[in-house]
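Notes to accompany the following structure.
The values are calculated or read from the model by the stated rules, or taken from the named source; none is laboratory data. Predicted model only: the values in this text are computed from it and were never measured. Here the Cβ positions follow ideal geometry from the backbone for every residue, glycine too, while neighbour counts run over all protein chains shown.
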Amino acid sequence: MASHTEKLYRCSVCHKDFNKKSRLIIHTRIHTGEKPFHCSVCLKQFSAKAYLEQHMKIHSEKAHKCSICKKEFTQKFHLIRHMPVHSKMKEIYQCSECHKDFMNKSSLIRHIRSHTGEKPFQCSMCPKNFSVQTNLVQHIRTHTGERPNKCSICQKDFTLKSHLISHMRVHTNEKPYQCSVCSKDFRQKSNLTIHMRIHTGEKPYQCSECFKDFSDKSSLIYHVRLHTGEKPFKCSECLKTFSRASNLKLHMQVHKEDKPHQCPVCLKDFRSKSYVMDHMKIHESKKHYQCSVCQKKFTLRTTLGKHMSVHKEERCYQCSICQKDFKQKAYIIKHMQVHTGEKPYMCSECLKYFSRKSHLVLHMRVHSGEKPYQCSECLKSYKHKSYLIQHMRAHTREKPYQCSVCTKNFRYRSNLMQHLQLHSSEKAENLE
């Protein structure tokens, strides 16, 4: 603790006190973001000279060697800490199971519990047991809500000091863990461990349902929800549920969008008046072009021309498993992957696998944000061509899906399927 006569230097932003002006200067860089120290090898920047010196050891060789066992260390104090292992003045405690050496008996006792499974420290609030007392102390905080470790910048609280240290790197932008293969930097060691599996191909987490392997536990948790149907993230506005928090976040934008313009016919809302004008064509649409084979009607002659090819196609390749027919050999080869489960195309970003290269190309746009398909009428962009085709029907007034019962036309197949359920329920009522 500082004496009353000692001069203190206070930070004008967070009011933290320092006994040396130099320490205040280094601390202030957390708020300003200033990083005046540059690594001459990789050009990485640091707020303090000490951080740079520590970082440079990544590029340098292990200069400190143990004279007894020849083990090498990057830092001198690591070598000093290692030397008592060889000292005759100190007794060495060895594990009888794995022969690992320890400098004191208490460390050996704690280690042996990893072999025996003994957990002598029990939580007084729940039946959970722990092998180390410090772990119990940390666990107790989950019941009491105690968070004694506070960030001096944003005032966020943490139960563990290690979590606070990791959090501080968000403010300092320090990334002390570097990949030895591609030199990518990470804030946390766990993130580096997961990243390294991209290079090694290791996938230690396996789904118990379909035996699919994953490189990290979170991906396995998301995947398992496909089997269980669990959707723990709920929208507070419309109560729609999602399997991922990121999907809920995207969905919430739907409720935030301002749509002040309304269609006077169906009362649908739109963001701009021009969208309402395009939408109104749906209510005025007429279909002049009819297929002579199946009597299906179309708004455009070009759409009818494309439709006619459906009746002319010859399908000479048949699947030996489900007897589905295909007009080209390439199509049946792709189709067979549905039965074999083969997925040879992998996303380099999230390691998800796909059976077709085209599916991978479409998926990559989720990461890149690319929207290559643009509407020539309103300039709205889409990730997939199919989305643009569906959108264009708002401008062309085309309704290609017709009800076989009442001949009503629909723009989307999903709307037709919903409509057909009305006829099914009516038929059931008549039978009763």
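What are the residues in the range 373-419 that are more than 23 Å from GLY305 (Cα to Cα), loosely packed, with under 14 Cβ neighbours inside 10 Å and more than 33 Å from the chain's Cα centre (by Cα), if any? Of everything in the range 373-419, those that are more than 23 Å from GLY305 (Cα to Cα), loosely packed, with under 14 Cβ neighbours inside 10 Å and more than 33 Å from the chain's Cα centre (by Cα) turn out to be VAL405, CYS406, MET417, GLN418.
For the range 1-53, name all the residues that are among the charged types (D, E, K, R), modelled with pLDDT of 75 or more, more than 17 Å from MET168 (Cα to Cα) and within 36 Å of the chain's Cα centre (by Cα). Of everything in the range 1-53, those that are among the charged types (D, E, K, R), modelled with pLDDT of 75 or more, more than 17 Å from MET168 (Cα to Cα) and within 36 Å of the chain's Cα centre (by Cα) turn out to be LYS49, GLU53.
Restrict the check to the range 169-180 and report whether at least one residue is farther than 30 Å from GLU342 by Cβ, hydrophobic (A, V, I, L, M, F, W, C) and at pLDDT 85 or above. No; the residues of the range 169-180 include none that is farther than 30 Å from GLU342 by Cβ, hydrophobic (A, V, I, L, M, F, W, C) and at pLDDT 85 or above. Just one of the listed residues (SER348, SER358) is polar (S, T, N, Q), loosely packed, with under 12 Cβ neighbours inside 10 Å and over 21 Å from the mean Cα position of the chain (by Cα), namely SER358.
For the range 410-428, does any single residue satisfy the condition of being assigned to a helix (DSSP H, G or I), aliphatic (A, V, I, L, M) and either modelled with pLDDT under 80 or within 20 Å of CYS263 (Cα to Cα) (or both)? Among the residues of the range 410-428, at least one is assigned to a helix (DSSP H, G or I), aliphatic (A, V, I, L, M) and either modelled with pLDDT under 80 or within 20 Å of CYS263 (Cα to Cα) (or both), which makes the answer yes.
With a requirement of 2 or more residues that are within 30 Å of the chain's Cα centre (by Cα), the helices (runs of 4 or more DSSP H) lying completely within the range 87-177 that satisfy it span 133-144, 161-172. Keeping to the range 205-253, report how many residues are farther than 21 Å from LEU351 by Cα and part of a loop (DSSP other than H, G, I, E, B). Of the residues in the range 205-253, 10 are farther than 21 Å from LEU351 by Cα and part of a loop (DSSP other than H, G, I, E, B). For the range 89-125, a residue qualifies if it is among the hydroxyl-bearing types (Ser, Thr, Tyr) and under 30 Å from HIS143 (Cβ atoms), and the qualifying residues are SER106, SER107, SER114, THR116, SER124.
Selection within the range 228-240: residues that are surrounded by 11 or more Cβ atoms within 10 Å (Cβ to Cβ) and modelled with pLDDT of 85 or more. The member of this set that is farthest from CYS182 (Cα to Cα) is LYS234.
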